1. Determine, from the Cβ-Cβ distance of ASP136 and MET114 and an R0 of 45 Å, the FRET efficiency 1/(1 + (r/R0)^6), rounded to the nearest 0.05.
2. To check you understand DSSP bridge types, tell me what percent of the beta bridges within the stretch 2-179 (both residues inside) are antiparallel, rounded to 5.
3. Each label point is 7 Å from the Cα along the Cα-to-Cβ direction; what then is the distance between the points at ARG128 and VAL51, in nm?
4. How far apart, in nm, are two points set 7 Å out from the Cα along the Cα-to-Cβ line at ALA12 and at ILE157?
5. Using only Cα atoms, what Kirkwood radius does the chain have, in angstroms?
6. Could you work out how far apart the two model spin labels at GLU37 and ASN79 are, taking each label as a point 7 Å from the Cα in the direction of the beta carbon, and quote it in nm?
7. When you take every Cα atom in the stretch 103-179, what is the radius of gyration, and what is Dmax, the widest Cα pair distance, in Å?
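No lab work stands behind these numbers, since they all come straight from the coordinates. These figures come from a predicted structure and were not determined experimentally. In this analysis, Cβ positions are derived from the backbone assuming ideal geometry, glycine residues included, and neighbour counts consider all displayed protein chains.
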Amino acid sequence: MNVLVLVGSLRADSLNRLLARAAVAELPADISVRFAEGLGELPHYDQDLDVTPAPASVAAFRRVVAEADALLVVTPEYNGAPSGVIKNAIDWASRPRGSAAIVGKKVAVLSASMAPRGGQWAREGAVRVLTVAGADVLPGTVGIGSAHEVLTADGLIDDEARGAVRALVNQLVGTEALAA
Ligand SMILES: Cc1cc2nc3c(=O)[nH]c(=O)nc-3n(C[C@H](O)[C@H](O)[C@H](O)COP(=O)(O)O)c2cc1C
């Protein structure tokens, strides 16, 4: 089984990227993991660009989504919503109608925020957008609040939070029993 990770922050010191790495560390060892590269280089979704053949960056992104068995979406919250980077990536993966790469794909959503709610609106928004796009989204999400205090280069240092992340990612790959 292989999991594709989509990180919705482009900044070098992203807490969400640290969270994505921490989540990957909780996956069983036999799961193969790939981080989607170049999400920031995808054009803004434009129906005039959504033609055959698709722009090269879009075609490459759709291909890695299609090849994945499941997706891990890790998004910051900007003004109460998932990042534009994530929304844009989902929009591209939701087309063309009838053969969109995202349809039926199992997805888990996480968010890290410095605020205590852990990006709740970003997660709710991402679940809604992914569901409308046709993905099979896990209803439970994990938010890491006060993320600057618990996410370090060494990982997620809060045991309770790590347990929640472990449970979610194991649910994603269908190994809930092993997570206990
Ligand atoms: C334009 C902007 C809007 C933001 N809005 C929110 C928000 O609505 N809720 C929240 O919890 N944090 C908000 N933040 C703080 C970000 O969540 C925080 O900077 C976070 O660390 C960004 O994710 P990253 O570390 O992965 O880059 C906002 C930050 C920016 C720059």
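1. Values: r = 31 Å, r/R0 = 0.68.
It comes to 0.90.
2. Values: 4 of 23 bridges.
Antiparallel bridges: around 15 percent, rounded to the nearest 5.
3. Here the modelled spin labels are 3.3 nm apart.
4. About 2.2 nm separates the two model spin labels.
5. Computed over the chain, the radius equals 16.1 Å.
6. For GLU37 paired with ASN79, the spin-label model returns 3.2 nm.
7. 13.0, 36
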